[in-house]
Structure formats: structure tokens, C-alpha cells
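Step one of this worksheet: look at the structure below.
FYI, it's all coordinate maths here, none of it is from the lab. Everything numeric in this text was worked out from a predicted model, so none of it was measured. Reconstructed Cβ throughout: ideal geometry from the backbone, glycine too, with neighbour counts over all protein chains shown.
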Amino acid sequence: MRGLTARGDTTELRISGQLLKAAVLVQLSQPLEVTTVDIPSLDVGQVLVQVEYSGICGKQLDEIDGRKGEDQFLPHLLGHEGAGTVVEAGPGVRKVKTGDRVVLHWVKGSGIDSTTPTFRRNGSKINAGWCTTFSEYTVASENRMTVIPNDVGFDVAALLGCAVTTGLGIVFNDLGLAPGQSVAVFGAGGVGMNVIQGAALVNAYPIVAIDLQGWKLRQAMEFGATHTINAAEDDPVPILRDLSEGQGFNATVDLTGNSEVRQTAYNTTSKTGKTILAGVPHHAEMMEIDSFPLHFGRRIFGTDGGQTWPDVDIPRYLRLYGRGKLMLKEQITHRIGLDDINHVIDLVREGTAGRCLISMRD
């Protein structure tokens, strides 16, 4: 069995009886179990990474709550955005080497698309995906990581594993939003906040944030929203109609996955506008739309991580951050240790937290 020991800023690989601490999803709609698992030997295209920070994405909450339906892979590891240091590269890996600092992301980049690793706990199988980050160390596929400069903080880097790249990618890649075009963003959470700041970068107008939480709407203004609507207090439809002068928006983006909200997003899109569905719907919920406008230019489609190409987009976004054009650290509201992961998951579920980071050193 493989064990690890940390010394300062470097990590030494050695054979020992040590185990890896990880948060495991054992049963749907139940708290994660923080436990220890064996680290498997590396297969072709796999990389062992010491995780420094992991983000908590809404998609992970959807998985915990069974929003997608039955989970045939239980028990398994979770987390799909993080940052850390490469400890060991497996056979065939050329993209990274020991000591590289990397962003861990669920979207495929260049490199080998490896098999998924299998961990063990007391001899029992623990499944994992190509990239999991709710653990002190992880085994990830080569194509699920991107090397970053040494001067980029791991906390900032972790955000680039999903929230930032998906949000900006929706604006730049899915929508191709142009200056002066209008956009309405339903849900001002982690991804939504980056849709908003991406829209501000291209000088879209108006940029409308819709949410149930007043504090998120105030933050949205700081990130570039020109207007906000608190849907807990006001019906968004007439307000959006007025803001678009009855023409509908060039783009609407749903981050909630709520069927009623998704339908509202579609119905407030202009005749030739685009509706992006980014939120995960409950597996039993359907939405109804009038498909007739689709024959005349209106478009509706889902997004796959904002069509992000990590090898190109992550370095590009880091350059924007370095020039003060992107707000990243400002998105982080909580930092907490792995042992307290269920507490911070509850905060995210309640809507009382922004981007939360799990620190593996706390």
C-alpha cells in the first residue's frame, strides 16, 4: 500500500501503512462519511495529486441528494474542482510531472483519458470518477488537470476547476455574447456570478441577476450586474419584460434546474435569442415550452461546462485575473477543514454561503 508524507512545500512518496482521508458518499441524502481509504497503484494515464483545496459545486449537492436518480456507483468519492501538487505520474503520462501545481477539473482537456481508479476501505471497494477532490490526495486522469504557474494560489486555482470556467465559458463559448446585448441570469451562485462578470467583461447590457437571496444580489452588483430582481419578493416576468422593452433578452441563463424557472428563462428570451440551461433538473421533473419560436430563430440548449477547453481557457483566465480583470478571491466566503465538510455542505444547500473551499491542511 502506498503512503505519503508531507515535508514543507514538497511531498515525498514512500511505502508505509498510512491511509488517505476522504469524504465518501455511502448513501443518498445522507451526510458524507469522512474516513480513510487505501491509495491504489497508478494505472496508465493516472496521476497522484496532493490536494490543497477543493471547491463544493452545486452539482455535488445534486449528486448527494439523488437529484439525478438512482446512483449505481455507491459508495464513491466526490468533488470535481480543486487544486494541488503532482506527487507521482503514472505510466504514459507526459502532460505533468512530480512537483507541478495543477488545477483539477471535471471537463476533459488534453492527455490520456484513463480508467477510473478504485479505492479500498477495509477491503471493500470505493468507486471514484476521473477527477475527485474531497480528499487529502486523489488519483485523477491526466486529461483532468492543467498546470498553473507557481505564483497562483491554490485557493484561487481551485475555483477554475468548475465555477469560473463554466460561467465564463457560457458567456464566451455558448452564447458568444456581444457588447450591448442583454442577458438575464437566473441564480446568482458560483456559476451564475461568473456568468455575470463574464457578461460585464464584454460590456453586455442590461445584465440582470435574479435570485432569492438579497446578499447574493448585492454581490452580483459588485461583479457587474446592472439590475437585480429578488424573486422572493417580486415576480421577475413583468420586470424583465419592461427591462427588455417587451422584446425579450438576447440571452437567458438558468442555473437553478427548477422547471418553472427554466420555463421563465425560455419565455423571456427574444425571438432570436438563446436560452442556456445549466442547472441540473430533478430526474422526475419535466418542462414544457412552446417549440414554435424555435422555427424562427430562438434557441434553447444545455451547456457542457461552458464548452471549456481547459488547456487554453484556464491560462487565459489566469492572465485576466493577474491583470485585475477577474474577481476570484472575492467569491470565497468560507474555508473549512475536511472533517467539517458536511457543515459547509449544509451552508451551501441553505443558500447562506458563496464559494466554499475545503482546506486539506486544516
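With a 10 Å cut-off between alpha carbons and a GNM built on the chain, which of ARG101, ARG120, ARG144 moves the most? For the chain, modelled as a Gaussian network with Cα springs under 10 Å, the answer is ARG120.
Each of PRO236, VAL26, GLY123 was placed along the dipole of the chain (beta-carbon charges, centred on the mean Cα), and the one lying farthest toward the positive end is GLY123.
Each Lys and Arg adds +1 at its Cβ and each Asp and Glu adds -1 at its Cβ; summed about the Cα centre, region 163-307 shows a dipole of about 380 debye. Result for the chain in a Gaussian network model with C-alpha springs under 10 Å: among ILE276, ILE207, ILE332, the largest mean-square fluctuation is at ILE332. Highest average first, the peptides 217-228, 317-328 ordered by how many other beta carbon atoms sit within 10 Å of their residues are 217-228, 317-328.
Taking the charge dipole of region 163-307 about its Cα centre, with +1 at Lys and Arg Cβ atoms and -1 at Asp and Glu Cβ atoms, the residue from GLY257, SER182, ALA220 reaching farthest to the positive side is SER182. 3J(HN,Hα) along region 22-34: 8, 9, 10, 7, 9, 9, 4, 6, 10, x, 5, 9, 8 Hz, from the Karplus curve 6.51 cos²θ - 1.76 cosθ + 1.60 with θ = phi - 60°, whole Hz, x for Gly and Pro. Basic side chains Lys and Arg get +1 at the Cβ, acidic Asp and Glu get -1 at the Cβ, and with that the dipole of the chain about its Cα centre reaches some 980 debye. Highest mean packing first, where packing is the average number of other Cβ atoms within 10 Å per residue, the peptides 238-245, 170-177 line up as 170-177, 238-245. Per-residue packing, averaged as other Cβ atoms within 10 Å, sorts the ranges 292-298, 84-90 into the order 84-90, 292-298, beginning with the highest.
When only Cα pairs below 8 angstrom with a gap of at least 6 residues are kept, region 175-246 shows a relative contact order of 29 percent. The mean sequence separation of alpha-carbon pairs under 8 Å and at least six residues apart, normalised by the residue count of region 163-307, gives a relative contact order of 24 percent. Think of the chain as a dipole: +1 on every Lys or Arg Cβ, -1 on every Asp or Glu Cβ, centred on the Cα centre; then among TYR137, VAL344, ILE207, TYR137 lies furthest on the positive end. Per residue, the convex hull spanned by the Cα atoms of the chain measures out at 129 cubic angstrom. For the chain, the share of DSSP beta bridges that are antiparallel, to the nearest 5, is 60%.
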